[in-house]
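The values are calculated or read from the model by the stated rules, or taken from the named source; none is laboratory data. Just so it is clear, the model here is predicted, and its values are computed rather than measured. Every residue, glycine as well, gets a Cβ built from its backbone with ideal geometry; the counts of neighbours run over all protein chains shown. Surface areas here come from the heavy atoms of the whole protein model, side chains and all, with no ligands, DNA or RNA. Shrake-Rupley method; radii C 1.70, N 1.55, O 1.52, S 1.80 Å.
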Amino acid sequence: MSSLRRHGYWFCLLLLVAGLIAAPPVQTARTRVADGFDQPVGKPDADGYYKSRGFRARYHMGEDWNGDGGGNTDKGKPVYATANGYVVLARDMRMGWGNLVIIRHAYIEEGQIKFADSVYAHLDQIMVKENAQVVRGQQVGTIGTAHGLYPAHLHFEIRKNLNIGFNQRGFPRDLTCYYIPSAFISTRRKLPGGGRSTMIPINTFSVEARSASSSEDQPKSLLKDKPKPEGTKPFRVNRFDDLFSAP
Ligand SMILES: [Zn+2]
């Protein structure tokens, strides 16, 4: 072996060891595989609800659901998990989001495990805890107004990209990162793998930079005097004993 090759070998080994030390391990949690996806209101088919605003790339990355009664008649009505999954975020993010729940799903398609996040925004009440397991149709909260910012409605998203969390900035606002929720659900009402469980990646986004967010629904007039972010106390999501210390 030449001296050059021997040095190359040691250099590569050094790089490998350095990489192993520097790279944080991917964190995972076990969750139930989704056996199908339902609409998040009027379960399972959105009975009594209509879509008041649809998905539009770059402008509205989800769908808005309103009760047939109009106005705030749907305030306080139940919002359900679209599928089995694991709660990766459940807290008041204020700004344009209000009370926000994000659930991570694993499902089997074409023989492969795939992942998606479902997003439930502007909730009046949150009824699940972070890192909890939920099943399809389980109530996760109630329809709200994002602290009076909007007429009551559910803003609902389904995402391909698991890194977005509550901060959409820097992510393409199109179908590379998001699904059209109704289209996604209608083609996945029943899926194989029910009863199985699998590992999902967790802690794929930060929840600390709270002030960096605004949701798509944020009216321009409100952006001028948006409330100051409060509670700068750091919050670690990667430890299970920190689960319920969020403000
Ligand atoms: Zn919306």
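Of all residues in the range 153-177, how many are hydrophobic (A, V, I, L, M, F, W, C) and surrounded by fewer than 16 Cβ atoms within 10 Å (Cβ to Cβ)?
Count: 1.
Can you tell me which of (1) within 16 Å of the ligand (Cβ to nearest atom); (2) surrounded by fewer than 21 Cβ atoms within 10 Å (Cβ to Cβ) is the one THR82 doesn't meet?
(2)
Just to be sure I understand, how many residues within the range 29-84 are outside any loop (DSSP other than H, G, I, E, B) and more than 16 Å from the chain's Cα centre (by Cα)?
Adding up the residues that qualify gives 17.
Which of the residues spanning the range 153-167 are closer than 12 Å to VAL119 by Cα and within 16 Å of the ligand (Cβ to nearest atom)?
LEU154, HIS155, PHE156, GLU157, ILE158, ARG159, ILE164, PHE166
Only residues that are among the β-branched types (Val, Ile, Thr) and either buried (at least 24 other Cβ atoms within 10 Å of the Cβ) or modelled with pLDDT under 95 (or both): list them for the range 62-79, please. Write out each step before concluding.
Initial filter on the range 62-79 (among the β-branched types (Val, Ile, Thr)): 73, 79.
Across the range 62-79, the qualifying residue is only VAL79.
How about the range 99-152: which of its residues are of a type in the set (S, T, N, Q) and either open to solvent by 30 Å² or more (accessible area, probe 1.4 Å) or within 16 Å of the ligand (Cβ to nearest atom) (or both)?
Those that are of a type in the set (S, T, N, Q) and either open to solvent by 30 Å² or more (accessible area, probe 1.4 Å) or within 16 Å of the ligand (Cβ to nearest atom) (or both): ASN99, GLN112, SER118, GLN125, ASN131, GLN133, GLN138, GLN139, THR145.
Tell me the residue from GLY96, GLY54 that is modelled with pLDDT of 95 or more and out of contact with any Lys or Arg (no Cβ under 7 Å at 6 or more places or on another chain), please.
On the way: GLY96 fails: modelled with pLDDT of 95 or more.
The match here is GLY54.
With the checklist (1) surrounded by 19 or more Cβ atoms within 10 Å (Cβ to Cβ); (2) not in a loop (DSSP other than H, G, I, E, B) in hand, flag the one item GLY96 doesn't pass.
All conditions are met except number (2).
Give the number of residues within the range 101-124 that are among the basic types (Lys, Arg) and closer than 11 Å to TYR86 by Cα.
1
Out of the range 178-193, which residues are of a type outside the set (A, V, I, L, M) and open to solvent by less than 50 Å² (accessible area, probe 1.4 Å)?
Residues of the range 178-193 of a type outside the set (A, V, I, L, M): 178-179, 181-182, 184, 186-190, 192-193.
Answer for the range 178-193, where residues must be of a type outside the set (A, V, I, L, M) and open to solvent by less than 50 Å² (accessible area, probe 1.4 Å): TYR178, TYR179, PRO181, SER182, PHE184, ARG188, GLY193.
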